[in-house]
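Working notes, beginning with the structure itself.
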Amino acid sequence: MSTPVFYFQPTKIHYLQQHRLMSLRHGGRLHPAKDERILPGCGMYTKSAELYDAIYSEKDYQAEARAINRLIWEHRRSTGNRLLDVACGTAKHLEYLSQHQYSVLGVDISRELLAVAHQRCPGVDFYVGDMVDFDMGFQVDALTCLFSAIGYVRTFERLQQAIGNMARHLKPGGVMIVEPWFSPDTWTPGTLHATVIDRPDLKITRMTISDMQERTSINVMHYLVGTPDGITYFTERHELGLFTHHEYMDAFRRANLDVIHDPDGLTGRGLYIGRNALE
Ligand SMILES: C[S@@+](CC[C@H](N)C(=O)[O-])C[C@H]1O[C@@H](n2cnc3c(N)ncnc32)[C@H](O)[C@@H]1O
């Protein structure tokens with residue numbers, strides 16, 4: 001059975017489950033958190049969601065959206081302009097992609113990140129769902145899954161399910177662009193990482209020592225966050241699967257997509273570009 005998906009709009013929430021759509025009037029609030037118990041991994045960004053944009057303020061989402069737009073024009077064969085960003089986070093790619101004439105939508109497992117996304121793009125529809133089994137009930141011309149979010153599926157079986165599920169959401173001639181996480185060969189356990197944000201009203205230090213268990217990368221992020229209201233400390237654990245190039249290619253091919261690998265991609269992590277055949 002596919003995971004229920006909760007869909008937020010300024011004035012109503014639609015509740016999708018296995019092709020069915022129920023519309024619930026909800027006065028502009030996000031749905032109560034009962035979904036968090038049934039979506040595995042949805043708590044990863046619970047404590048840090050409001051810090052996400054500050055932490056990644058150096059990332060050039062505008063340039064990345066330009067590059068994604070070029071790739072879509074190069075590879076899409078369908079004629080529409082509907083674009084779905086899966087694992088959209090706070091919707092920074094969508095904000096810029098919408099400026100390239102796409103009609104954009106976002107899906108993510110984290111309702112906390114989607115609350116930020118909704119503030120950023122109030123006119124855009126956002127859905128809470130797991131990339132492995134969400135079901136929109138319609139198809140799109142372009143689908144993106146960026147900044148290595150795909151790694152959160154953790155296992156090869158779930159990688160295949162996620163790629164297959166995303167591919168099912170493509171129109172004939174549609175294109176899917178996935179930015180991978182590290183492979184077992186390129187991940188280095190024991191590496192110390194630190195991110196420091198130093199603004200007048202917000203100080204953040206985030207540190208982690210990379211770890212690895214079998215084919216899973218593990219980062220326990222230690223956050224020290226200061227605002228004029230006080231200083232807090234918390235941790236978040238992020239587990240991402242380490243898949244080989246062959247496994248990514250295999251997952252795309254099993255989903256019946258014609259796949260191209262760009263080893264550089266947007267940020268040096270590479271890109272997989274899957275093209276759905278025209279019927
Ligand atoms: C590194 S962030 C990337 C967010 C956004 N794409 C960006 O570029 O800023 C990873 C994202 O994957 C989402 N995520 C993790 N597991 C997921 C799943 N199973 N289904 C959907 N989204 C998921 C997280 O909530 C988070 O928004």
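Laboratory data are not the source of any read-out in this text; all were calculated from the coordinates shown. If you're wondering where the values come from, they're calculated on a predicted model, not measured in any experiment. Every residue, glycine as well, gets a Cβ built from its backbone with ideal geometry; the counts of neighbours run over all protein chains shown.
Which order do peptides 264-274, 209-219, 107-117 fall in by mean Cβ count within 10 Å, highest first?
The packing order, highest mean first, is 107-117, 264-274, 209-219.
Please report, in debye to the nearest 20, how large the charge dipole of segment 175-216 is about its Cα centre when each Lys and Arg carries +1 at its beta carbon and each Asp and Glu carries -1 there.
That gives a dipole near 160 debye.
What nm distance separates the two modelled labels at residue 120 and residue 70, each placed 7 Å from Cα along Cα→Cβ?
2.2
Let me know the charge dipole size of segment 141-279 about its Cα centre in debye, to the nearest 20, where only the beta-carbon of Lys, Arg (+1) and Asp, Glu (-1) is charged.
So the dipole magnitude of segment 141-279 works out to roughly 180 debye.
Can you tally the net charge around residue 70? Count Lys and Arg as +1, Asp and Glu as -1, for every other residue whose Cβ sits under 14 Å from the Cβ of residue 70.
Here the charged neighbours net out to -2.
So how do 189-196, 178-185 stack up, highest first, on mean other-Cβ count within 10 Å?
Ranking the peptides 189-196, 178-185 by packing returns 178-185, 189-196.
Where Lys and Arg each count +1 and Asp and Glu each count -1, what net charge lies around residue 142 among other residues with Cβ under 13 Å from its Cβ?
+3
Ratio of alpha-carbon Rg to the 2.2 N^0.38 Å globular estimate for segment 233-279, to two decimals, please.
1.55
How are the C-alpha pair distances of segment 150-279 spread across 5 Å bins, as whole percents from the shortest bin up?
2, 10, 16, 16, 15, 12, 10, 8, 6, 3, 1, 0
Any idea how far the Cα center of segment 163-201 sits from the one of segment 206-250, in Å?
Here the answer is 12 Å between Cα centres.
What ranking do 249-262, 227-240, 153-166 get when scored by the average of other Cβ atoms within 10 Å per residue, highest first?
Peptide ranking by packing, descending: 153-166, 249-262, 227-240.
Treat each spin label as a single point 7 Å out from the Cα along the C-beta direction, and report the residue 214 to residue 77 distance in nm.
Placing both labels 7 Å beyond Cα along the Cβ direction yields 3.9 nm.
So how strong a dipole does segment 162-232 carry about its Cα centre when Lys and Arg Cβ are +1 and Asp and Glu Cβ are -1, to the nearest 20 debye?
Its charge dipole is roughly 280 debye.
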